[in-house]
Amino acid sequence: MLNIVISGAPGSGKGTQSAIIVENYGLTHISTGDMLREEIKNGTENGKKAEVLINDGKLVPDEMIIAMLHDQVQKHINAGDTKGFIFDGFPRTAAQAVALDNMLHELETEVSCMLHMQVDHELLIERLLNRGKTSGRADDNLETIQKRLDVYNSQTLPVIEHYKNSGRYKAACNNSSVEACFAQVKEIIDSL
Ligand code: AMP
C-alpha cells in the first residue's frame, strides 16, 4: 500500500495536489477538514462541537478526529476498495501522528512519506483571501486565517519532526503553479 500524508499550512494547496495525486495514482483521499464540514452540514453532535472551534481557527480535539479517521480507514479496508490513502489535513498534532502510525501498523501497513507543501507566508494569506471570495467557508476570513496560521506554526509544524526523524519527510515548493508543484510531487512519489 502507498500511504501519503500531505501536510502544509492552510492555503498551501493540499486539496488541489491531493486531487491530482488521486487522479494519477488511484489513492483514496481522506480530508479531515472535508469530513468535519460534512458532519457540520449533517448537524451531528461532532459537527456541532467542531463548528465552534473551526470558526474560531482552532483544532478540534484529537480523540474526536482520530476516531473519525479510524472509521473512514476501516470502512475502506473492509470494503477492499483501496490501494492506499492520501491523508490531507491529518495528522495535525504529535498525538495524531502517533495514532496514525499505530492505526496503520495494526493494518500491517505504514505511512510511506509525508509530503510537505511549502508556500511563502504572504502568498498563503493572498490565496486564502481569494479562496474566501468563493469557498463560502466561514474560516476563510483574515482574522481566522491568522489564527489558523498561528495554530499551524505552533501545533502542526512540529509534526514534521516525527517524519524527519524516521526518514519519511519530503518537501515540495508550491509558490508558483499547480503544474510545477505536481512535477515535484510526481518525482517524489515515483521514487518511493
Ligand atoms: P482544513 O480543511 O484541513 O483546512 O480544516 C479546516 C478546519 O478543520 C481546521 O482549521 C481545524 O479546525 C479542523 N481540522 C481539520 N483537520 C483537523 C485535524 N486533523 N485535527 C484537528 N482539527 C482539524
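The values are calculated or read from the model by the stated rules, or taken from the named source; none is laboratory data. Here the structure is a predicted model, which is why all the values come from computation and not from measurement. FYI the Cβ positions are ideal-geometry reconstructions off the backbone, even for glycines, and counts take in every protein chain you see. Protein only, heavy atoms only, side chains kept; ligands, DNA and RNA dropped before computing areas. Shrake-Rupley method; radii C 1.70, N 1.55, O 1.52, S 1.80 Å.
Condition (residue is part of a strand (DSSP E or B), closer than 19 Å to A94 by Cβ and free of Cβ contacts under 8 Å to residues at least 60 places away in the same chain) applied to segment 151-170: is it met by at least one residue? Yes, segment 151-170 has at least one match. Residue pairs whose Cβ atoms lie under 7 Å apart, separated by 6 or more positions or on different chains, with the first residue in segment 108-132 and closer than 17 Å to E143 by Cβ and the second part of a helix (DSSP H, G or I) and open to solvent by 70 Å² or more (accessible area, probe 1.4 Å), are L129/L142.
Does segment 55-65 include one or more residues that are in a helix (DSSP H, G or I), under 17 Å from the mean Cα position of the chain (by Cα), within 13 Å of the ligand (Cβ to nearest atom) and not charged (D, E, K, R)? Scanning segment 55-65, I find at least one residue that is in a helix (DSSP H, G or I), under 17 Å from the mean Cα position of the chain (by Cα), within 13 Å of the ligand (Cβ to nearest atom) and not charged (D, E, K, R), so the answer is yes. Inside segment 1-51, residues that are part of a helix (DSSP H, G or I), more than 11 Å from the ligand (Cβ to nearest atom) and touching a residue at least 24 places away in the same chain (Cβ under 8 Å) make up a count of 7.
Scanning segment 1-50 for residues that are of a type in the set (S, T, Y) and in contact with a strand residue (DSSP E or B) (Cβ under 9 Å, 6 or more places away or on another chain), we see that the one that is farthest from S112 (Cα to Cα) is S12.
Any residue at all in segment 75-94 that's within 12 Å of the ligand (Cβ to nearest atom) and open to solvent by 30 Å² or more (accessible area, probe 1.4 Å)? Within segment 75-94, one or more residues are within 12 Å of the ligand (Cβ to nearest atom) and open to solvent by 30 Å² or more (accessible area, probe 1.4 Å). Determine whether T144 is under 21 Å from D56 (Cα atoms), of a type in the set (V, I, T), in a helix (DSSP H, G or I) and open to solvent by 50 Å² or more (accessible area, probe 1.4 Å). Considered against the rule, which asks whether it is under 21 Å from D56 (Cα atoms), of a type in the set (V, I, T), in a helix (DSSP H, G or I) and open to solvent by 50 Å² or more (accessible area, probe 1.4 Å), T144 comes out as no. Collect the residues in segment 95-125 that are of a type outside the set (V, I, T) and within 14 Å of the ligand (Cβ to nearest atom), keeping them in residue-number order. Residues satisfying the conditions are A95, Q96, A97, A99, L100, M103, M114, M117, L124. Of all the numbered requirements in (1) at pLDDT below 95; (2) under 18 Å from the mean Cα position of the chain (by Cα), L107 misses one, and that requirement is (2). Residue under question is R137, and the condition is that it be under 18 Å from the mean Cα position of the chain (by Cα) and over 16 Å from N3 (Cα atoms); does it hold? When the stated conditions are applied, R137 passes them.
If you check R137, R127 for being assigned to a loop (DSSP other than H, G, I, E, B) and over 30 Å from I77 (Cα atoms), only one passes: R137. Does E108 satisfy the criteria of being farther than 29 Å from R127 by Cβ, outside any helix (DSSP H, G or I) and open to solvent by 70 Å² or more (accessible area, probe 1.4 Å)? Considered against the rule, which asks whether it is farther than 29 Å from R127 by Cβ, outside any helix (DSSP H, G or I) and open to solvent by 70 Å² or more (accessible area, probe 1.4 Å), E108 comes out as yes. Determine, yes or no, whether A171 is open to solvent by less than 70 Å² (accessible area, probe 1.4 Å), aliphatic (A, V, I, L, M) and modelled with pLDDT of 95 or more. For A171, the condition - open to solvent by less than 70 Å² (accessible area, probe 1.4 Å), aliphatic (A, V, I, L, M) and modelled with pLDDT of 95 or more - is met.
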